[in-house]
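Report on one structure; see the data block that follows.
Computed from the coordinates by the stated procedures, all read-outs in this text should not be read as laboratory data. These numbers were taken from a predicted model, which means no experiment stands behind them. With ideal geometry, Cβ positions are generated from the backbone for all residues, glycine too; neighbour counts draw on all protein chains shown.
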Amino acid sequence: MKKLLFNPKYYSILILLYTSICCSQISNDSPIPENSRQMILVLTDSITSTVGNLIYFERQSDKSTWIQIRNTIPVVIGRNGLGWGRGLNSIDSSKLPMKTEGDGRSPAGVFELSSAFGYARAEEMKGLKIPYIPITEMLECIDDSKSSYYNLIILRNEIEEVDWQSSEKMSFADIWYEQGVIIDQNTDPIIKGAGSCIFLHNWSLPNETTAGCTEMEPVNMKEIIYWLDSSANPVLVQLTKQLYNEYQETWELPQKYKSN
């Protein structure tokens with residue numbers, strides 16, 4: 001019998017016994033859940049830009065104003081820029097191409113942030129307010145779109161029948177997966193070929209690009225991991241500046257932000 005271990009969407013629900021999280025409710029035309037009180041915003045200059053800025057915000061309630069927490073953080077994204085991911089927002093394919101497996105694009109849109117992960121043992125992550133997945137030699141993220149485990153993080157030794165030809169062996173990712181956060185892209189439902197294994201995580205160099213993740217300096221990644229709080233239902237909003245301006249009002253995005 002197959003044993004599903006770490007679906008980024010559903011695993012977090014099972015282990016959040018210490019919190020009370022209401023079901024996401026969409027306010028008007030905004031894909032931002034009403035109970036979301038933390039937002040990470042990533043903006044790029046264009047569809048093909050491979051660098052951007054990350055800003056994070058808090059609010060007291062869905063009626064409150066988003067408050068910027070700190071100045072912008074530089075990030076790098078996919079080698080081919082942005083494409084629409086599959087998250088909480090509706091998609092206008094005339095504005096961006098759709099993200100697909102192996103396209104080198106980071107997902108644009110609105111996404112829940114379900115869990116953190118890293119090489120440290122769980123007991124070493126004191127003070128964390130988000131579920132944490134410790135990376136071991138058995139932990140893999142399946143990027144083979146033909147696999148029944150596609151876009152799942154699994155423990156290989158718990159799987160009776162391996163049906164994938166490729167995967168990300170997360171313990172062999174050097175500094176990149178030393179710490180990170182799972183982006184719930186293409187998780188509900190999982191659509192074969194729509195992109196897999198998308199994270200926020202460390203960079204090794206500020207001039208590199210990724211296969212689809214969003215990277216930053218390790219000190220900034222650590223700060224974000226300890227800031228995130230599952231009870232605040234955190235989300236990632238990743239857009240070009242042009243799309244941000246277009247959706248700012250209807251998506252009820254922060255009206256102002258400081259760029260430096």
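Of note:
- Charge dipole (Cα centre; +1 on Lys/Arg Cβ, -1 on Asp/Glu Cβ; no other charges) of the chain amounts to roughly 420 debye.
- Theoretical ellipticity at 222 nm over the chain - DSSP helices of four or more residues, -39500 (n - 2.57) apiece, nearest 500: -2000 deg cm²/dmol
- Highest-first packing order for the peptide set 228-238, 129-139, 88-98 is 228-238, 129-139, 88-98, based on the mean count of other beta carbon atoms within 10 Å.
- Since only S230, A194, A173 are under comparison, the one whose Cα sits farthest along the positive direction of the charge dipole of segment 11-247, derived from C-beta charges on Lys, Arg, Asp and Glu, is S230.
- Each residue of segment 129-188 gets 104 Å³ once the volume of the Cα convex hull is shared out per residue.
- Segment 58-161 shape via C-alpha gyration tensor axes, a/c threshold 1.5: oblate
- When the Cα positions of S145, G52, Q38 are compared along the charge dipole of the chain, Q38 comes out farthest toward the positive end, with charges on each C-beta of Lys, Arg, Asp and Glu.
- Calculated Rg and Dmax of segment 97-234 using C-alpha coordinates, Å: 14.6, 42
- Based on the convex hull around the alpha carbon atoms, segment 11-247 presents an average projected area of 12.6 nm².
- Equivalent-ellipsoid semi-axes of segment 154-236, from the Cα gyration tensor, Å, largest first: 24, 17, 14
- Using alpha-carbon coordinates, inclination of helix 218-227 to the longest axis of the chain, degrees: 80 degrees
- Only Cα pairs under 8 Å and 6+ residues apart enter the sum, and on that basis the relative contact order of the chain stands at 27 percent.
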